[in-house]
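The block underneath contains the structure these notes are about, expressed in structure tokens.
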Amino acid sequence: MIGARDRVPRASGDDELFRLLVASVRDYAIFMLDPDGNVTTWNAGAERLKGYRSDEIIGRHFSTFYTAPDLADGKPARMLAGAIEHGRIEDEGWRLRKDGTRFWADVVITAVRDDAGELVGFAKVTRDLSDRKQAEDDRERFRIFVESVEDYAMFILDPRGHVATWNIGAERIKGYRAHEIIGRHFSVFRPPEDVAAGKCEQELEAAERTGRFEDEGWRVRKDGSRFWASVVITALRDRTRTLIGFAKVTRDLTDRRRAEDERAARNAAEQANRAKDEFMAMLGHELRNPLAPILTALQLMKLRGDGKVSREYEVIQRQAQHMMRLVDDLLDVSRVARGTVELKKRPLDMREVIARAVETASPAVEAKSHHFEVTAPAQPLMVDGDEGRLVQVFTNLLTNAAKYTDPGGHIYVLVRRSRDEIIVEVRDDGIGIASALLPHIFDVFVQGPQGPERQRGGLGLGLALARTLVELHGGRIEARSGGPQRGTTMTVYLPARDVTPVESSDPLISTIVQPAARKARLLVVDDNDDARVLLADVLASMGHDVRSAADGEQALRAVQEFAPEVAILDLGLPGMDGYELARRLRDQLGTGVRMIALTGYGQPADHARSLEAGFERHLIKPIDIRRLLDAIETVP
């Protein structure tokens, strides 16, 4: 019997040429198998691709090239059976090289038959598609990656701007599921005003023209809500540079935008606060300037009088002092808002604090003929506090009680100790506080009922300041009222201190101003004519030798003939300000002249600046003559 191998026709000349051609091909592995699948021929491409020389592989079964899973699955036998049945079979899959590495192969196995139709073997062509497979795998991995990204909306648009793909991030950010959005135009993501302005078309045109478009702005979700987005659109082109679509990446930056807006708002608020502080300082200065000559004139009238004061004098004095309290309250609110209130604490007897507050508030109480009563124990009630600030707290409470109690009403003050607290109650039988207003009574600018004529006046600052100052002392303040026309009780709780009372470091100066013990040469410089003339008169009446000037140039001319020992300078002078005048006076007079700043600017920064400029004292208008005389006597 003749075997299949014996039926292979002998090679003719053309066959030999074809054999040589096949043998020399290096890009394809082309070889023959016998009917059992054993390798019978081997070309250069097979050697390059699979790593075997012909003498190493001819005679071995082609299953050598298959991976273990394929062998276990019987794939080599199925490949041959398929080629016999169909004449040709094609497959792609992993194959093995001699060194054990894998490559992705496109394999075609063709059954070879003789003229009689008998199977004489198989022709096998293998092409290495590893690069293509790697690219496909990379694309697939990238597709999976893109589709799974949650923080970015990543999708494709067709050349006309319709959505072609959709990832999880797009669903999360924009709210649409893939089947709801694919095929729709991307303009659904833009606010209506942007669509009307043609911005969608402009974006695609820019991306097509330059290759890439980038933007930040508001975008719209499915539910209609807006978010701040960073958007990048990239034009996609094929190898012929034909536009095939756009890649669009959107990132939700709403949190960042919100943070930027908050920072901008904070910056604007800080700038507004600075502007407000500057305004408040200027307001204090401008309000104190006219008050200064009024109060100075009152003091001068009292000094020149016979000890009696008229009702008109008392009205002017009371109203001017009330205006000063309003100015101080306004400036204190600004300090509280900036957190610049500083307390000068020392051991205090609350009985003395209340006594000073009563003395300060007494004009308001007496003006309406209130029945006033203070109850306090005989023993000291000690706290650790700033005397001036605590007097301010209780003056505000007493003034409020007087303001909101009808003439002839009752005001009671009860001071006592309970365990570790000193408790002060200020109770009245006035108009009371409505229940709706009570929770807000300590807020800034909140006031009790006011008629159209605002007969009670005020700015609604006193209680807000009282609460802040009490809290700075580690205490608390409460308001109680039975309602309209049922009175009010303000209760302050302060931490008690078991210490011995000490004398104030700033005792009250006698209300009677005595002539100066030491006469001095004084220069008064102020552009407010009334304030300057009256102050010069008062100082001269005390026995001092006084010269005055309205501005810096007049002052410099005056000292050419008059050498002052003390220069009392307004800081807000026109032209040459007080700081420049002080410097030039020192240049002209040397260290023999002492400087006192007398100004309406009372912020901490103003104090610090004047001291740095060489002023020994910084006094605020309107000045108590006694304090100024004391400063003249005590400056170094």
>> Taking 26 Å as the cut-off for C-alpha to C-alpha distance, list the pairs among 344/519; 344/621; 199/222; 519/621 that go past it.
In response: 344/519
> For the residue pair residue 223 and residue 92, what label-to-label distance in nm results when each label sits 7 Å from Cα along the Cα-to-beta-carbon direction?
Replying inline: 4.4
> Stretched out fully, how many nm does the piece from residue 261 to residue 240 gain, at 0.36 nm a residue minus the Cα gap?
Replying inline: 3.0 nm
> Which aspartates and glutamates does residue 368 reach when only Cα atoms under 12 Å apart count, and residues fewer than 8 places away in its own chain are ignored?
Replying inline: 406
> With every protein chain left in place, what is the accessible area of residue 323 in Å² (1.4 Å probe, nearest 10)?
Replying inline: 100
>> Taking all protein chains in place and a 1.4 Å probe, what share, in percent, of the accessible surface of the stretch 60-154 do carbon and sulfur account for?
In response: 52
>> Please list, by residue number, every one of the chymotrypsin sites (Phe, Trp or Tyr not before Pro) in the stretch 529-636 that is coil in DSSP and has at most 10 other beta-carbon atoms within 10 Å.
In response: none
> Using a ≥ b ≥ c from the Cα gyration tensor of the stretch 520-636 (square roots of the eigenvalues), is it rounded, prolate or oblate, where a/c under 1.5 gives rounded and otherwise the larger of a/b and b/c decides, a/b for prolate?
Replying inline: rounded
> How would you order 215-223, 58-66 from highest to lowest mean count of nearby Cβ atoms within 10 Å?
Replying inline: 58-66, 215-223
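The values are calculated or read from the model by the stated rules, or taken from the named source; none is laboratory data. Just so it is clear, the structure is predicted and the values come from calculations on it, not from any experiment. FYI the Cβ positions are ideal-geometry reconstructions off the backbone, even for glycines, and counts take in every protein chain you see. What goes into the accessible areas is simple: the full protein's heavy atoms, side chains included, and nothing from ligands, DNA or RNA. Shrake-Rupley method; radii C 1.70, N 1.55, O 1.52, S 1.80 Å.
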